[in-house]
Amino acid sequence: MYTSKLQSDRVDALARAFLSLETMEDCYRLFEDLFTIREVQDLAQRLEVAQMLMEHATYTAIVEKTGVSTATIGRVNRALSYGADGYQRVLARMGAPESAQNPEQAPILEKGEGNS
């Protein structure tokens, strides 16, 4: 069983709140109440970056498509390589490409690797 370093009664309540959402409308309503617009955009952008990294996109391609900094790409890359597998689990459930469903088969490119 996985134990998160974030675990607390308060964070458990937050997790239960997310698990209770049933529709896209429910999600948007909670997002608008819970986060700033910028926070929602940043979270959505990180998920997009994770998917692109798992599809073997280069840092250059990710920057061009998303406009995120290489620091953000590096942070997401570290989470994919050394994190709690949250991105991989979510992307697999969302029907991401095969490499996202089998993360051990998807080498993560380091900053600058494979860039043209």
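Just so it is clear, none of the values below were taken in a lab; they were calculated from the coordinates. Every value quoted in this text rests on a predicted model; they were computed, and no experiment measured them. A quick note on method: Cβ atoms are made from the backbone with ideal geometry, for glycine too, and the neighbour counts reach across all protein chains shown.
Relative to the 2.2 N^0.38 Å rule of thumb, the stretch 38-105 has a C-alpha radius of gyration ratio of 1.02. For the stretch 38-105, the relative contact order comes to 33 percent (Cα pairs under 8 Å, sequence separation of at least 6).
Taken about its Cα centre, the stretch 1-93 carries a charge dipole of about 380 debye when Lys and Arg each add +1 at the Cβ and Asp and Glu each add -1 at the Cβ.
The Cβ shell under 14 Å around residue 33 holds other residues with a net charge of -3, Lys and Arg each +1, Asp and Glu each -1.
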